[in-house]
Amino acid sequence: MATRILLQTTIPPVEDDWNIGRFSRLAAHLAGLEGVEVVARDRAVPGGETDPVLGSIDTSDFDQLWLFAVDVGDGLNSDECAAIGRFRERGGGLMVTRDHMDLGSSVCTLGGIGDAHYFHSTHPDPQPDRNRRDDTATQDIDFPNYHSGANGDVQTITPVGAVHPLLKDGDGLIHLLPSHPHEGGVGAPAQAGDARVIATGVSRTTGRPFNIAVAFEGGDGLGRGVAQSTFHHFADYNWNPGDGSPSFVTEPPGDAIVRDPEGLRQTQAYMTNLARWLS
């Protein structure tokens with residue numbers, strides 16, 4: 001039986017924004033895996049209203065939900081969060097990612113994997129010294145905004161603790177992912193005994209390490225889950241900057257991921273691992 005994966009943004013299909021069409025390379029990669037079926041969609045209704053798919057995902061035949069929180073705080077309502085919670089309770093796999101500052105902060109209301117995401121105005125990092133600017137070049141974006149490099153370049157990530165299955169690459173390790181000028185903050189919630197940070201990156205401006213991904217092993221019968229620091233690890237623009245970005249992205253892109261295909265290969269290997277492990 002095929003694994004059915006829903007790739008879902010938290011915004012309606014706005015052209016000049018991070019709509020689901022800007023994750024088409026990921027969708028194509030996953031759809032090319034044996035035994036995987038992919039549905040990719042934006043919200044069908046504005047934030048605040050209940051989306052018909054998200055609001056009933058617990059009774060759907062989806063096995064995984066990859067949620068790209070690209071909203072400014074109104075992307076999920078209580079009914080949708082409750083349905084996603086029931087989805088994980090029935091064993092559904094859940095990947096939740098966001099970006100800098102308050103972008104995607106509606107995931108705070110998810111509980112569980114939502115608790116692993118730290119924002120500027122709500123649910124800040126419990127380590128006070130983390131709540132300060134990292135990327136200082138883009139003045140209209142405040143913390144959390146870890147600078148791992150330009151869009152279109154790659155960063156080196158480091159495993160934390162025992163190497164997690166998500167980071168295995170044949171006989172080697174995945175150590176490259178797309179970079180981004182201002183990644184968000186994630187951490188393992190104290191109340192989640194099955195969660196741990198599995199990889200870190202390093203800021204190119206301050207030299208500070210920061211968390212890239214938190215894995216939830218699926219304790220107490222829950223589905224497995226991952227909290228990821230930025231949706232730019234998954235976006236077309238970061239896999240090939242020639243695909244373009246919304247007009248509000250002003251930072252100049254790099255091109256390392258195009259010049260050296262190893263970065264993209266490892267990124268795709270990570271996505272393959274994620275699709276297999278979440279189920």
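Taking segment 1-40 as the range and being within 15 Å of residue 60 (Cβ to Cβ), surrounded by fewer than 19 Cβ atoms within 10 Å (Cβ to Cβ) and touching a strand residue (DSSP E or B) at 6+ places or on another chain (Cβ under 6 Å) as the test, the residues that pass are 2, 4, 37, 39. Among the conditions (1) of a type outside the set (Ser, Thr, Tyr); (2) open to solvent by 30 Å² or more (accessible area, probe 1.4 Å); (3) touching a residue at least 24 places away in the same chain (Cβ under 8 Å), residue 123 misses just one, which is (3). Residues in segment 87-120 that are acidic (Asp, Glu) and either surrounded by 18 or more Cβ atoms within 10 Å (Cβ to Cβ) or closer than 15 Å to residue 70 by Cα (or both): 99, 102, 115. Scanning segment 116-175 for residues that are aliphatic (A, V, I, L, M) and modelled with pLDDT of 95 or more gives 116, 141, 150, 154, 157, 160, 162, 163, 166, 167, 173, 174.
Taken over segment 51-65, the criterion of being open to solvent by less than 60 Å² (accessible area, probe 1.4 Å), of a type outside the set (Asp, Glu) and either over 19 Å from residue 225 (Cβ atoms) or not in a helix (DSSP H, G or I) (or both) is satisfied by 53, 55, 56, 60, 62, 64, 65. Taking the conditions (1) closer than 28 Å to residue 268 by Cβ; (2) not in a strand (DSSP E or B); (3) not acidic (Asp, Glu) in turn, residue 106 satisfies each one other than (1).
Look at (1) surrounded by 15 or more Cβ atoms within 10 Å (Cβ to Cβ); (2) modelled with pLDDT under 95; (3) assigned to a helix (DSSP H, G or I) and you find that residue 220 fails only one, number (1). Filtering 72, 45 for residues that are touching a helix residue (DSSP H, G or I) at 6+ places or on another chain (Cβ under 8 Å), surrounded by fewer than 17 Cβ atoms within 10 Å (Cβ to Cβ) and among the aliphatic types (A, V, I, L, M) leaves a single hit, 72.
The values are calculated or read from the model by the stated rules, or taken from the named source; none is laboratory data. As the structure is a computational prediction, the values presented were derived from the model and not from experiment. Note: ideal-geometry Cβ built from the backbone for every residue, glycine included; neighbour counts use all protein chains shown. In case anyone asks, the SASA skips ligands and DNA or RNA and just uses the protein heavy atoms, side chains included. Shrake-Rupley method; radii C 1.70, N 1.55, O 1.52, S 1.80 Å.
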